[in-house]
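Some notes on the structure that comes next.
Derivation of every value follows stated rules applied to the coordinates shown; laboratory data play no part. Note that the coordinates shown come from a computational prediction; the quantities given were computed from them, not determined experimentally. Note that we place each Cβ from the backbone using ideal geometry, even for glycine, and neighbour counts take in every protein chain shown.
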C-alpha cells in the first residue's frame with residue numbers, strides 16, 4: 001500500500017506508477033517495496049490502440065448536484081519552498097469543486113496542455129500519444145458555474161507522488177455532486193508537472209532525488225494546513241465562494257503519498273476531523289497515543305502472497321476512533337485513481353494480475369470514500385461500511401486480526 005508499492009512490470013502501469021519505476025532511468029532513486037512484494041524490471045510497452053482515435057470519458061457523478069470548478073493559485077509568504085528554496089515562497093495550484101447550478105459554466109479540460117505533455121513524456125518511454133488524448137477527456141465539472149446556496153463540508157484531496165492532482169478528478173467530482181466542497185491540491189515539484197497562471201509548467205524536481213518520505217508527508221500536511229488557512233480566513237479568504245464552506249466539517253483523503261500525509265495532517269491540524277488513506281504506506285506511523293479519536297478509513301490493493309503493509313499493521317491498533325481497513329481484490333496501486341481508465345482506453349496493459357476495470361475502480365473508490373465522509377461529516381448512517389456486501393465482492397473488510 002505504499003506510494004511505490006507495485007507487483008509487476010512498471011512500464012505497463014503507465015500513469016499509475018511512480019516516475020522512478022515507469023521510466024527506469026538509472027539516475028533516479030529506486031522504488032522501495034514492502035517485504036514479500038515481488039519486483040520486476042521496467043520495459044517500454046506500446047499502446048495497442050490508436051491514441052488519436054480515443055475518446056476518454058469519466059463516469060458521471062452519482063449525486064444530485066451539478067459540479068462547478070475554479071482553480072486557485074496560492075502563495076505561502078511565510079514558508080519557502082521546501083524542495084527548491086531558490087524558487088521563493090511555497091506556491092500551490094488548487095482546483096476547487098463546488099455544488100453548482102447545471103448549465104451555468106463552461107466545460108473544463110482534464111488538465112492543461114503543459115501538464116499533459118509533461119505527464120506523457122515523463123511516464124511513457126518514447127511517447128507518441130497526443131496530448132489531446134488526455135486534455136480532451138470528458139469531465140463533468142463546469143468552469144465558473146454559478147454556485148448553489150448553503151454550507152457544505154470541505155474535503156481536501158492529495159494525489160500520489162509523481163501524480164498530478166487531476167488523477168483524483170473522478171473522486172472530486174463525485175464527492176462534490178454529493179454535497180461537498182472539494183479542494184484538490186497539486187504539491188509543486190512532486191508531480192510530473194504543475195502549470196501556473198503564467199503558463200509555466202514546473203517539473204517534478206523531487207522525482208530524481210533521494211527522499212526522506214516522512215518529510216515528504218509532513219510537507220504535504222503543511223500544504224494542506226496552509227490551504228485550509230487561506231480558504232477559511234476571515235475576512236479575506238482566497239476563494240470567492242468560501243462562504244459555501246462549513247468550517248466545522250472538514251475531512252482529508254489522499255492516494256499513495258497523499259494518503260500517507262493524512263496521518264501527520266490529522267495529528268497537527270485540529271480542523272481536520274476525518275481522514276482516508278487510499279493505498280499509501282504510513283511513513284509517519286499512527287502513534288500509540290492515537291489521532292485524537294478521529295475516524296479513519298484505509299483502502300488499498302492486496303499484496304502478493306497475502307503479505308500486508310507493515311505500516312498499516314503497526315498503525316491499526318493505535319487508531320483510537322471509528323476505523324475500517326478495506327482491501328480491494330483484483331486491484332493494483334493505481335486502481336483507486338482515474339488513470340487505469342485512461343490506460344485501458346489507450347490500449348496500455350495494466351499490472352499482471354489486475355482484474356478490476358478502471359471504471360469499477362473509480363466506482364468503488366467513490367462509493368466507499370463517499371460513504372465514509374457521509375457518515376463522519378454528515379452523520380448519515382452507512383450500512384455499506386458495516387461489513388462485506390454481495391454487491392461488492394471485491395471489497396474485503398480486514399484488520400480484525402490485528403489487536
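Annotations for the structure displayed:
- Pairwise FRET efficiency - residue 87 versus residue 234, Cβ, R0 = 22 Å, nearest 0.05: 0.15
- Residues of segment 232-270 with amide N under 13 Å of the 7 Å Cα→Cβ point at residue 382: 251-254
- Gain upon complete extension [residue 77, residue 151; 0.36 nm per residue less C-alpha separation]: 23.7 nm
- With contributions of -39500 (n - 2.57) from each DSSP H run of at least four residues, the per-residue ellipticity at 222 nm computed over the chain stands at -6500 deg cm²/dmol.
- The distance from the alpha carbon centre of segment 56-121 to that of segment 215-260 is 14 Å, rounded to a whole number.
- Tail beyond 27 Å, pair distance distribution of segment 241-373 (Cα, percent): 23 percent
- Dividing the mean sequence gap of close Cα pairs (under 8 Å, 6+ apart) by how many residues the chain holds gives a relative contact order of 19 percent.
- Label-to-label distance for residue 196 and residue 357 is 4.2 nm, based on points extended 7 Å past Cα in the beta-carbon direction.
- Distance histogram for the chain (every C-alpha pair counted, 10 angstrom bins, percent rounded to whole numbers): 5, 25, 36, 26, 7, 0
- Between residue 212 and residue 102, the contour length at 0.36 nm per residue exceeds the Cα-Cα span by 35.1 nm.
- Modelled spin-label separation between residue 288 and residue 397, with each label point placed 7 Å from Cα along the Cα-to-Cβ direction: 3.0 nm.
- At an R0 of 45 angstrom, the distance between the Cβ atoms of residue 128 and residue 390 translates into a FRET efficiency of 0.55.
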